[in-house]
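For reference, the structure is listed below as structure tokens.
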Amino acid sequence: MASVFTAPSSAAPYRAGWIHYTNVAPILDPLEVPPGVSVVTGVPTEMNAALLEGRVDIANISVAEFIRHADRLAALPDFSVSVLGQVYSVNLFHTVPLPELRRVALTAQSATSVALLEVLLREWGLSPTLTREEGTAQELLARGYDGVLRIGDSALREWYEVVGPLAEDASMTRLPHQGGAVTVTDLSQEWYRLTGQPFVFAVWAYRKDAPPPPDLLRAMRGARRQGLGELGAIAGRHAQRLELPQRVVQHYLWNFRYHLEEPDRRGLHRFADLLLPGHAPLEWGPQITP
Ligand SMILES: C=C(O[C@@H]1C=C(C(=O)O)C=C[C@H]1O)C(=O)O
């Protein structure tokens, strides 16, 4: 992809791109965007392209694109969308055992999860055909695919359609991943089983020549503090919109790691080395004290 970076002029707003999945609600819902910052929202592949083509200056992009363009991008040192173990929203829905996969449909919204699936398939010694095609897991399985990769809010809802409804007292740490003829393989859990490490799906990346203003960082850090303090209320609002039980969405959000701590960075570097051996050094922006 040809990528032309245009540094913002001093008069122009600093442009932020937000992937508007529920998994970033604890950061973005409470965020009061500071003056001089504009915001657009979209799915990962749209925000990845917007940053790489210079249409936004910072975005929570797919970590796979951050790795591929580490020569021109840096990332905030303390923000991530990471998980240790199950994530519930990066799912391979399949009707045959994994070794019998032949045709897999891939959502067009993803970059990192597709790359993670490719790494896992290589580690498992499997090589099904991978085809980008949009549609729900049920629709695409009915169209003859034996595996479907779905991410984000759609994947969470479709996982619950397969395994739900869950009893009120269902343990949130041993949620099912099977329903009828469909098995849901959680790619973050498979990464953990392979490496014992967290998986970083997204980082907040920006062009090295256009770092974010300190006000935006301070606002983001404050919003995350507030959002993590009111996870139940945030989960309740999004549960209504997603038509899922509040306790399921609350567990889903509680399960994320948003601070890019050392375990997350180790997992990220492990993935980068598997995805793109010899990649440019990954660069983290300045610690801006709030
Ligand atoms: C955890 C998730 O990870 C997302 C997956 C992405 C990708 O596959 O490119 C990008 C942003 C992440 O928020 C999710 O989709 O639910």
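The values are calculated or read from the model by the stated rules, or taken from the named source; none is laboratory data. What you see is a predicted model; the values in this text were computed from it and never measured. Reconstructed Cβ throughout: ideal geometry from the backbone, glycine too, with neighbour counts over all protein chains shown. Keep in mind that these areas ignore ligands, DNA and RNA; they rest on the heavy atoms of the full protein, side chains included. Shrake-Rupley method; radii C 1.70, N 1.55, O 1.52, S 1.80 Å.
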Computed [θ] at 222 nm, helices only, for the chain once each DSSP H run of length n ≥ 4 contributes -39500 (n - 2.57):
-11000 deg cm²/dmol
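Stretch L126-E32 to full length: gain in nm at 0.36 nm per residue minus the Cα-Cα span?
On the way: separation 94, 0.36 × 94 = 33.84 nm, distance 4.60 nm.
Difference between extended and current length: 29.2 nm.
What does the extension gain come out to for E134 and A12, with contour length at 0.36 nm per residue minus their alpha carbon separation? Don't jump to the answer; show the numbers that get you there.
Details: separation 122, 0.36 × 122 = 43.92 nm, distance 3.56 nm.
So the chain would gain 40.4 nm between E134 and A12.
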Magnitude of the Cβ-charge dipole of the chain, K/R +1 and D/E -1, about the Cα centre, nearest 20 debye?
280
In the stretch 117-203, the trypsin sites (Lys or Arg not before Pro) that sit in a DSSP loop and have at most 11 other Cβ atoms within 10 Å of their own Cβ are R174
Taking 8 Å as the Cα distance limit and 6 or more residues as the minimum spacing, I'd like the relative contact order of the chain as a percentage.
31
Two pseudo-spin positions, 7 Å from Cα along C-beta at A170 and at E118, lie apart in nanometres by 3.4
Are there any GluC sites (Glu not before Pro) in the stretch 146-210 that are in a DSSP loop and have at most 15 other Cβ atoms within 10 Å? List them by number.
E168
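Sort D78, D71 by accessible area with a 1.4 Å probe, largest first. Mind showing how you got there, number by number?
On the way: D78 25, D71 90 Å².
These residues rank, largest area first, as D71, D78.
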For the stretch 206-267 and the stretch 17-32, what is the separation of their Cα centres, given in Å?
7
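Roughly what % of DSSP beta bridges within the stretch 90-195 run antiparallel, to the nearest 5?
Values: 11 of 18 bridges.
Here the antiparallel bridges make up roughly 60 percent for the stretch 90-195.
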Long-range amide H partners of W284, meaning residues 5 or more apart or on another chain whose placed amide H is closer than 5 Å, are A75
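For a quick check of your reading of the filter: which GluC sites (Glu not before Pro) in the stretch 93-152 sit in a DSSP loop and have no more than 16 other Cβ atoms within 10 Å?
Answer in residue order: E133, E134.
At R0 = 41 Å, how high is the FRET efficiency between V39 and R102 if r is their beta carbon distance? Nearest 0.05 is fine.
Numbers: r = 42 Å, r/R0 = 1.02.
Working from the Cβ atoms, E equals 0.45.
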Using eta = 0.890 mPa s and T = 25 °C, Stokes-Einstein with Kirkwood Rh from Cα pairs puts D for the chain, in µm² s⁻¹, at 126
Cut-off 10 angstrom, C-alpha nodes, Gaussian network model of the chain. Which of A12, A205, A74 fluctuates the most?
A12
Under Karplus coefficients 6.51, -1.76 and 1.60, residue-wise ³J(HN,Hα) of the stretch 199-211 in Hz, glycine/proline x:
10, 9, 8, 8, 10, 8, 10, 8, 5, 4, 8, 9, x
Name the most mobile residue of G227, G164, G144, meaning the one with the largest mean-square fluctuation, in a Gaussian network model of the chain with Cα contacts below 10 Å.
G144
Karplus-derived 3J(HN,Hα) from phi for the stretch 266-272 (6.51 cos²θ - 1.76 cosθ + 1.60, θ = phi - 60°), whole Hz, x at Gly and Pro, runs 4, x, 5, 5, 5, 5, 4
Computed ³J(HN,Hα) along the stretch 274-284: with the Karplus parameters 6.51/-1.76/1.60, θ = phi - 60°, integer Hz and x for glycine or proline, the list is 6, 6, 9, x, x, 4, 4, x, 7, 10, 10
Gaussian network model of the chain, springs between alpha carbon atoms under 10 Å - residue of S171, S154, S89 with greatest fluctuation
S171
Could you size up the charge dipole of the stretch 11-108 around its Cα centre, putting +1 on the beta carbon of Lys and Arg and -1 on that of Asp and Glu, and report it in debye to the nearest 20?
320
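Ignoring ligands, DNA and RNA, what accessible area per residue does the stretch 58-197 give at 1.4 Å, in Å²? Walk me through the numbers on the way to the answer.
Working: 5210 Å² over 140 residues.
Each residue of the stretch 58-197 exposes 37 Å² on average to a 1.4 Å probe.
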Rounded to the nearest 20 debye, dipole of the stretch 90-195 from Cβ charges on Lys, Arg, Asp, Glu:
280
What is the antiparallel percent of DSSP beta bridges lying wholly in the chain, to the nearest 5?
60
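May I ask you to give the percent of accessible area on the chain that is carbon plus sulfur, with a probe radius of 1.4 Å? It would help to have the intermediate numbers written out before the result.
Values: 6280 of 12080 Å².
For the chain, the apolar C and S fraction of the accessible surface comes to 52 percent.
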